[in-house]
Amino acid sequence: EAQKETLGFQTEVKQLLHLMIHSLYSNKEIFLRELISNASDAEDKLRFAALKDDSLYEGDPDLKIRLDFDEKANTVTLTDNGIGMTRDDVIQNLGTIAKSGTAEFLKQLSGDEKKDSKLIGQFGVGFYSAFIVADRVEVFTRRAGTPAEEGVHWESKGDGEFTIEQTNRENRGTQIVLHLKKEAKEFANGWKLRSLVKKYSDHISFPVEMRKEADGEDKEKSDEFETVNDATALWTLPRTEIKDEEYKEFYKHIAHDFEDPLTWSHNKVEGKLDYTSLLYIPARAPFDLYNREAPRGLKLYVQRVFIMDDAEQFLPLYLRFAKGVIDSNDLSLNVSREILQNDSTVESIRTALTKRVLDVLSKLAKKDPEQYQKFWGEFGTVLKEGPAEDFGNREKIAGLLRFASTHTGERTQNVSLDDYIGRMKEGQKKIYYITGDNFSAAKSSPHLEVFRKKGIEVLILSDRIDEWMMGYLNEYDGKQFQDVARGDLDLGEVETEEDKKHKEEAAEEHKDLLERIKKALDDRVQEVRVTNRLTDSPACLVVGDFDMGAQMKKIMEAAGQ
Ligand code: ADP
Ligand code: MG
C-alpha cells in the first residue's frame, strides 16, 4: 500500500503549462491571487456542504487561510482548511482541464508569446500558474469528512507528469508548497507576500493569516499568526468605501480573468426584495462564449453563505457575458438549482438584474463610446440574441445595437439607431437596412443604388444572426425597420411625385416586356415589376414582404428544414 504512482498530464495541461510559464512571466505575481482564490473557493464549498452536515467541520469551524514562507528553503506555503480533495479529485482537478473546447482553443496558439499571452487571458489561468514561479509544487490534501489515512500527496515539476501517493493528514483541507525558482526568490519574503495579499486578496470572505514579523535582533520565527487582509466580502461594503482597484481585483477573483473589467454595477436593494448584486462587464470574451455547455451565470450567496457557482437563472442567455455575485436574503439556504428554476423571487431578481446590465451598458455607451465599442466588438453578436429572447426589453436592447452603415461605408459596426435617426432625411419615415452573407456583398448590392442617389443611409447587416434578429425588431423610436430588398419599396415622402409618375409610366410602356420576362422565368418568380430602386443595374431580385430572407433560408437549409 501507500504506493507512489507517476501519471502523465493530459496533453492540454502540458500545452497550457508551457504557455503559462513562457508568456506570463512578466505577470508572475498573479500565482498568489489564483491560489488564494482557490483556497477561498474551497472554504466556501466546505461551509456550504456543512449546512447539511456539520460534522464536516471536524470540530474546527474557524475557516481561514494561512500563508507562510521559508527564506532559506526558498518556499512559499499556502494552507486552507476548506473542503479538500480526494485522490480522484486531485487526479481530475490537478491533472486535466475539464472545460470543453479546450483542445480546439489551444490549437490557436501561435508560439508567439505576446499574442499567446493575450489568448490565455480568454482562458483563465488557475492552479497551474503556480509553475510560473515554482519549479516544483507539492500539494497535501484531505477531503473534509474522510479519515486521516485518506490524505493525498501530489507532486510535480510541471514538466509533463506528476506523482501521487497516499499520506496521513490530521487536518482537512489543502496545503500547497511552492519550491520557488531561483529567479522567483523575491516571493519568499514577508513584506512582499503581505503586499500581494493586500493588493489581490484583500476582500475575499476569509482571513488570510501570516506569521507575525519577529521583532528585534533574534530572527526566530514567531509562532503567532495575524490576519493580513481585510477579510470582509467586498459586496457587503458600502460603495463609497470601495476603491476602483478593489472592485477590479475582486472581479479577477470571481471571474478567473486577469484583465480588468470594462465596468461594473454594485447595488443593494431593500424593500420587497432584499439582495445585493455586484455585476461586471468583462473586457474580453472567454474562449467558450459560443459553447452551449460553457458555464455561465452568477456566483450565488444566501445571507453571505456561498451556495453555488454559475447560477444561470439570474440573467437571460443573451447577457451571459456578465459576471458577478448575487447575495440574497430572501432565498433559503437549502436552495437548489431545481428550486431556482421556478421561484418567483428569482424571477423578480432576474428582471431587475437584466435591467441593471442593460442600464450599465447604456451608461457606458454614453460616457465612454470607445470602451463601449470595445464591448461591442467582443459581445455584440451575443447581445443580438436579445430581441428574440427578451421581448419586453426590445427597445432598450435595440438602443444598444451597433451597425455598419452606408454612412461610413466601413465594416466596423459603430452606428447606433439613434445616430441613424439623427441623420434621417426630411420626410424619411423608416429605418432602412440591407442584409447579406458578407459585408462586401451587402455593401455593393444593387438595392442600395436608389438610396445612394437620394443620400439616404442604409444599415448594412452581415452577421449570421442579423436577419434572424431583425425578425424580432419591428420598430425603434416609433420608426419601422425596412429591409431594402423586400417587397414594394416605399421611400415615403422622400420619393417625389415625379418619381412615382415615372414608375407608373414605365410600367405601362413596358407591359409586354414584363409579361415576357415573367413567362420566361415561369414559376421561379412571383412577379416582375418596374422599379425605381435601381439606377445603374438593369434588374434585381426582391423578396416578398412575408417570405423568408435569403440568409434565413440558408440557415434553415443548413438545419435540415
Ligand atoms: P478553477 O478555480 O477555475 O476551477 P483552478 O485551476 O484554479 O481552476 O483549480 C482547478 C480545480 O482544482 C478547482 O476547481 C478545485 O476543484 C480544485 N482545487 C484547486 N485548489 C484547491 C483547494 N485549495 N482546495 C480544494 N480544491 C482545490
Ligand atoms: Mg481557481
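The values are calculated or read from the model by the stated rules, or taken from the named source; none is laboratory data. If you're wondering where the values come from, they're calculated on a predicted model, not measured in any experiment. Cβ coordinates were reconstructed from backbone atoms using ideal geometry, including for glycine residues, and neighbour counts include every protein chain displayed.
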Condition first: buried (at least 16 other Cβ atoms within 10 Å of the Cβ), under 29 Å from Arg402 (Cβ atoms) and within 33 Å of the chain's Cα centre (by Cα). Can you find one or more residues in the range 441-449 that meet it? yes
With respect to the numbered conditions (1) within 12 Å of ligand 1 (Cβ to nearest atom); (2) under 26 Å from Asn189 (Cβ atoms), which one is the sole condition not fulfilled by Lys45? (2)
Considering only residues that are surrounded by fewer than 18 Cβ atoms within 10 Å (Cβ to Cβ), assigned to a helix (DSSP H, G or I) and touching an Asp or Glu at 6+ places or on another chain (Cβ under 8 Å), which ones fall in the range 1-24? His22
Reported set for the range 230-254 where residues are within 16 Å of ligand 2 (Cβ to nearest atom) and either assigned to a loop (DSSP other than H, G, I, E, B) or not hydrophobic (A, V, I, L, M, F, W, C) (or both) is Glu249, Tyr251, Lys252, His253
Give the residues of the range 188-199 that are in a helix (DSSP H, G or I), touching an Asp or Glu at 6+ places or on another chain (Cβ under 8 Å) and closer than 19 Å to Phe225 by Cβ, sorted by residue number. Gly190, Lys192, Leu196
Going through the range 425-450 one residue at a time, which ones are free of Cβ contacts under 8 Å to residues at least 40 places away in the same chain and in a loop (DSSP other than H, G, I, E, B)? Asn438, Ser444
Could you check how many residues of the range 81-96 are closer than 25 Å to Gln10 by Cβ and either within 13 Å of ligand 2 (Cβ to nearest atom) or part of a loop (DSSP other than H, G, I, E, B) (or both)? 9
May I ask you to list the residues in the range 64-86 that are away from ligand 1 (no atom under 12 Å from the Cβ) and buried (at least 20 other Cβ atoms within 10 Å of the Cβ)? Leu67, Phe69, Val76
Tally time: how many residues in the range 390-410 are in contact (Cβ under 8 Å) with a residue 40 or more places away in the chain and assigned to a loop (DSSP other than H, G, I, E, B)? 3
How many residues are acidic (Asp, Glu) and in contact with an Asp or Glu (Cβ under 8 Å, 6 or more places away or on another chain) if we restrict to the range 258-308? 1
Number of positions in the range 255-271 that are in contact (Cβ under 8 Å) with a residue 12 or more places away in the chain and part of a loop (DSSP other than H, G, I, E, B): 7
Hey, does the range 41-55 have a residue that's in a loop (DSSP other than H, G, I, E, B), modelled with pLDDT of 95 or more and over 28 Å from the mean Cα position of the chain (by Cα)? yes
Given the structure, is Ile30 within 12 Å of ligand 1 (Cβ to nearest atom), surrounded by fewer than 21 Cβ atoms within 10 Å (Cβ to Cβ), under 28 Å from Arg194 (Cβ atoms) and touching a residue at least 12 places away in the same chain (Cβ under 8 Å)? yes
Can you report the number of residues in the range 300-322 which are surrounded by 23 or more Cβ atoms within 10 Å (Cβ to Cβ) and either in contact with a Lys or Arg (Cβ under 7 Å, 6 or more places away or on another chain) or of a type outside the set (Gly, Ala, Ser) (or both)? 6
Of everything in the range 29-53 that's out of contact with any strand residue (DSSP E or B) (no Cβ under 9 Å at 6 or more places or on another chain) and of a type in the set (Gly, Ala, Ser), which residue is nearest to ligand 2 (Cβ to nearest atom)? Ser37
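Any idea which of Thr141, Thr163 is more than 32 Å from the chain's Cα centre (by Cα) and either surrounded by fewer than 18 Cβ atoms within 10 Å (Cβ to Cβ) or part of a strand (DSSP E or B) (or both)?
On the way: Thr141 fails: more than 32 Å from the chain's Cα centre (by Cα).
Just one listed residue meets the conditions, Thr163.
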In the range 97-116, which residue that is within 14 Å of Phe287 (Cβ to Cβ) and polar (S, T, N, Q) is nearest to ligand 2 (Cβ to nearest atom)? Thr102
Does Ser201 qualify as being buried (at least 19 other Cβ atoms within 10 Å of the Cβ), touching a residue at least 12 places away in the same chain (Cβ under 8 Å), within 16 Å of ligand 2 (Cβ to nearest atom) and among the small types (Gly, Ala, Ser)? yes
For the range 260-297, give me each residue that is more than 25 Å from Arg239 (Cα to Cα) and of a type in the set (A, V, I, L, M, F, W, C). Ala285, Phe287, Leu289, Ala294
Return a yes/no flag: does the range 99-120 have any residue that is buried (at least 17 other Cβ atoms within 10 Å of the Cβ), closer than 28 Å to Phe187 by Cα, under 25 Å from the mean Cα position of the chain (by Cα) and within 14 Å of ligand 1 (Cβ to nearest atom). yes
